[in-house]
Structure formats: C-alpha cells, structure tokens
Amino acid sequence: MAVISSASPVSIASLFRPIRKYPTLPDLVITATSTSCLSSLSQPMDDRQQPGSKKRVVVCGGGIIGVCTAYFLAKKGAAVTLVEKSSVACAASGKAGGFLALDWCDGGPVESLARASFNLHRSLSEELNGPDSYGYRPLTTLSITVTESGPSSPSGSKSSGDSMIPSWVDGATRGPRTIGTTQTTAQVHPQLFTRTLLNTAVEKYGVEVVIGKLEQLRVEEGRVGSVVLEGGRVIESDSVVLSLGPWTGKFEMLASMFRVSGLKAHSIVLEPKDPGAITPHALFLSFHPQGGKAMDPEVYPRPTGEVYICGMSAEEEVPDDPEQIVGNPASIAMLKRVGKSVSSHLREGEARVKAEQACFLPCTDDGVPIIGEVPGMKGCYVATGHSCWGILNGPATGAAVAELVLEVRATIVDLSRFSPARFIGRRRVKV
C-alpha cells in the first residue's frame, strides 16, 4: 500500500501550471506522499504487485509523447504508471504552437508517422470534444512576407494580393500564398491537449501519475525489471518507455548510445483587446526587420482569442530543471516587433503580453525521431527526438509504441526506420 506522509490534498489539476480562461479539470483528490500519486482506482496499488494479468508499464516523461503513450497503453489494457519529474506538459508540450499538418513531412522519413498522427488528432478531437476541451480546429495557413516599418510609417500598407490576406493582418505585407487548407492543416493548444488526454487516461483507464525523478533502471538477465526514483522508491515493471524529450541526453544509458540535443525556441502569447477581429489563419512569415537579416517566425491565432508568436531558435545546453528555462530578452523583444509589424491588433497598447517563454525541442543528429526497443535491453523502449513536430506526431507515436510494447500487430505505422538500433556501431551501449 502507498505510504502516506502528509494529509495535504492534491488534485490532478495541481500537476499542471494554471492556465487562465481554460476549462478546469475535475478534481481527483488524494493525499500527498513524497512523490504525488494519482489514480482513478478506489484502492492504491502496491508497486510490487502485478494487477491480474495486466502488463505493467512505466512511462517516464510527462510531455505529449509520454502522455500519448500512457493513454494508448492503458486504453489497450496495460497497467500504466506515468513518471514525471516536474509537472506535466511543463516544457515544450506546454509552450509549443500546436500546429498540425497532414502532408508537410511528405517525401521524408516521417511521412507515414505524420499522416497517421494528423488523422489520429482528428479522431481524438471527436472522442474528447477537442474544439471545446483543447482548441482543436482546422485552419487555413498562409505564407506571407512582412517588412518591419519605421515608427512613423502608417499601417495598412498591403501590396498586391490583399484579398488573400486576412483583414487583421494590416502591416507591410506582400506575396501571400496559401500553403495549407482546412483539410490539411489544423491546430491544438498543446498543454490543454496533453492535460485532457492525461485526465481521460487517469479517470477512464486507471493510469497512475507519479511526480519523481528517474534515477536508474534495474536490469536482470538483459530485461528491465523496475524503475528506481530519486529517494529510493522502486516501481516494478514488465516494460519501461523512456520519453524524456531533450532530457534524454541527461540519462547516461541512452546518452552512451545516441545524442539528443536541445534546440531552444522562444515564443510569446498575446491577448488582443479585440480578439473577435482575429480570424483562424496560421501565418508562416518571411520577416524582414529593420537593420537585420530576414527570419522565419510563425503566428498562430487561437480560438481562445490569444495569438501565439514563435521563432528565434538556437542550440543550447538543456538545464536539469525545466522550471529554470527562461527566454532570451533580445529574442522576446524581436518577437514583439514581429507582432506589431504583422498587425495593429498586436501592438503595445492593443494587446496584453500574457506570456514570454522558451522551451527546448529534442533533436537527433540525423533529424529522425528515435522510437523503438533499446538494443540489448528487453522491455525497455525509447520515444524521443521529434523536434518541431512533437505535437503533431505525439498521438501516432504513442499508439504505435503501445502496439510495440504490448506485442500486437502494428496497425498505426511501421516503426523500424525509427529504431535506436540504427546507432549501433556509432557509439557503445553502456547498461
């Protein structure tokens, strides 16, 4: 039985940073331990007791990849424990743009994964009331060139092709082009999507959530047998899925086999005074700032009335604690310049800055996600390295990993091209 060390109540909502103006999750109140455990089961489960014939799976990492994996595993009948060291969706899964594209990965190694996942997003939205729960909606996507104007220059200086440009985009623009339609591009609020999926997994399928730091895996005769957390807690398991995102490189067993680096991406969230004027058009910009080089920021209006603007990326060392990640002031300032150059609705005085933030995207050396069983360690799986397409590819990755772990016929996507075995010979595996 779980050891109770405090009588303080903890709800599932406490696992997430608060998001104003969004739906509140139903409370699942329990008592707090040194590692907070959440379960929809009426009785706490002994870590060392196998529940019937269910396969026990520990998923490490509370971002979108880990949560999707936990969801589909539990839905297929596994007994799942999700371990997260900080708070669920506190990093890129909470700060990304949430843009989805059906065919933008066509012709590359991720094509089948992206197409499957785009369609899974649509079906999950129908299942989970995505439009109301986490802002799922199809939208038109435009490519536009925007030139930063001087302080005395008037707005409303659109060039040819104005009819294609939304009325709220009233900066110095030219060359509009449709690059996505409501059939091929869509969006979600990634933190709300992750929280909704986890809430469903906990309430409906009995997933447990543990807040604790992964210390090591215990391996017996070449097969993983348990997970050890900081502080000594041991969680017995039949299989483990490591979905550690950019923190993959902090886990020595994986770092000895392949490299996952962190690309630091900046973003701001604005709240316009007149959100009704902002139409559902995602904008991929070629932005020409005064006195600087052209760059490629992105602008995503959300159905909540917010406008998300991102860009300004650079490879940096990933800090141990995701709560310590802060944006570079110069990068944040540039994104504000992008906003006011795109629209008078996004200028200072017309829009409140709700968030200035940064996150790390997990990137691999060959640009391909790493998904599959770790060579030489039966029952240990990895799912990471999705770069800027993590939100898009989360559902199909989770569903495909669930099939792999449970050893059922693959119906989602062939994962062989993503296998970590491709790195054998490049680096020696240390277990």
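The values are calculated or read from the model by the stated rules, or taken from the named source; none is laboratory data. Worth saying up front: this structure is predicted, and the values here are computed from it rather than measured. FYI the Cβ positions are ideal-geometry reconstructions off the backbone, even for glycines, and counts take in every protein chain you see. Note: areas computed on protein heavy atoms with side chains; ligands, DNA, RNA excluded. Shrake-Rupley method; radii C 1.70, N 1.55, O 1.52, S 1.80 Å.
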Would a scan of region 324-342 turn up a residue that is under 22 Å from R177 (Cα atoms) and modelled with pLDDT under 95? no
Region 174-213, subset of a type in the set (K, R) and assigned to a strand (DSSP E or B), residue surrounded by the fewest Cβ atoms within 10 Å (Cβ to Cβ): R177
Just checking, how many residues over region 344-362 are buried (at least 21 other Cβ atoms within 10 Å of the Cβ) and under 18 Å from S93 (Cα atoms)? 5
Failed criterion for S313 (all others in (1) surrounded by 15 or more Cβ atoms within 10 Å (Cβ to Cβ); (2) modelled with pLDDT of 95 or more; (3) not acidic (D, E) hold): (2)
Which one of the conditions (1) touching a Phe, Trp or Tyr at 6+ places or on another chain (Cβ under 6 Å); (2) modelled with pLDDT of 95 or more does F423 fail to meet, given that it meets all the rest? (2)
Report the residue count in region 68-83 for those that are in a helix (DSSP H, G or I) and either crowded, with 24+ Cβ neighbours inside 10 Å or modelled with pLDDT under 95 (or both). 7
I need the full set of residues from region 368-388 which are out of contact with any Pro (no Cβ under 8 Å at 6 or more places or on another chain), at pLDDT 95 or above and open to solvent by 20 Å² or more (accessible area, probe 1.4 Å), in order please. K378, C388
Among the listed residues S341, S331, identify the single one that is in contact with a His (Cβ under 8 Å, 6 or more places away or on another chain), buried (at least 17 other Cβ atoms within 10 Å of the Cβ) and either among the aliphatic types (A, V, I, L, M) or outside the structural domain of E252 (by the TED database) (or both). S331
With the structure loaded, tell me whether G232 is in the same structural domain as I391 (by the TED database) and either under 20 Å from the mean Cα position of the chain (by Cα) or assigned to a loop (DSSP other than H, G, I, E, B) (or both) or whether it fails that test. yes
Considering S261, S237, S256, which residue is small (G, A, S) and either in contact with a Leu (Cβ under 7 Å, 6 or more places away or on another chain) or open to solvent by less than 10 Å² (accessible area, probe 1.4 Å) (or both)? S237
Only one of (1) in a loop (DSSP other than H, G, I, E, B); (2) open to solvent by 30 Å² or more (accessible area, probe 1.4 Å) does not apply to E127, and that is (1)
Complete set of residues in region 291-334 that are assigned to a strand (DSSP E or B) and in contact with a Pro (Cβ under 9 Å, 6 or more places away or on another chain): M295, P301, V307, Y308, I309, C310, G311, M312
